[in-house]
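Quick notes on the structure that follows.
The values are calculated or read from the model by the stated rules, or taken from the named source; none is laboratory data. The model shown is predicted, which means the values in this text are computed figures rather than measured ones. Glycine also receives a Cβ, built like all others from the backbone with ideal geometry; neighbour counts cover every protein chain displayed.
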Amino acid sequence: MNRSRDFIIGPAILLVLMLVYWLTMPKVITFEDAGIFLQVCEFRGIAHPPGYPLFTILCIPWFWLPADPVILGNMLSAIFGALTCVLVYFILRRLNAGLFSAAMASMLFGLSRDFWSQAIIVEV
């Protein structure tokens, strides 16, 4: 495994996916639980069971940033989604997948319809 290339390709996957997610992210509150999660983060509350403690712990300080809360919530979800795809890349590389095939698999996973649709909205 060529680690020097992996630490170039991993951040490249992150940047490309973050750009795509940013360009396609809704700038308004969407359906499902988006409104509830935005209120949890904005008002330091607790979400419905199971409460999503990791998300709540991370979103509360994230919402201290001076920006629109809807954008902040969607962006936090996009960051988690893109980081998940980078993790998929490194797992595939650890399993001895080729450089190109691991990168393509993680990018296709991140751009798949179902994953993408959840990565661009504040949804846990």
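General observations
- Test for Ile91: is it loosely packed, with under 14 Cβ neighbours inside 10 Å and within 27 Å of Arg3 (Cα to Cα): yes
- Taken over the stretch 1-32, the criterion of being under 16 Å from the mean Cα position of the chain (by Cα), surrounded by 15 or more Cβ atoms within 10 Å (Cβ to Cβ) and not in a helix (DSSP H, G or I) is satisfied by Met25 alone.
- Restricting attention to the stretch 26-67, the residues being at pLDDT 85 or above, of a type outside the set (Gly, Ala, Ser) and within 25 Å of Val16 (Cα to Cα) number 10.
- Residue match in the stretch 75-82 (condition: modelled with pLDDT of 95 or more, more than 14 Å from Val122 (Cβ to Cβ) and not aromatic (Phe, Trp, Tyr)): yes
- Restricting the stretch 68-106 to residues that are among the small types (Gly, Ala, Ser) and within 18 Å of the chain's Cα centre (by Cα), the residue that is nearest to Leu17 (Cα to Cα): Ala82
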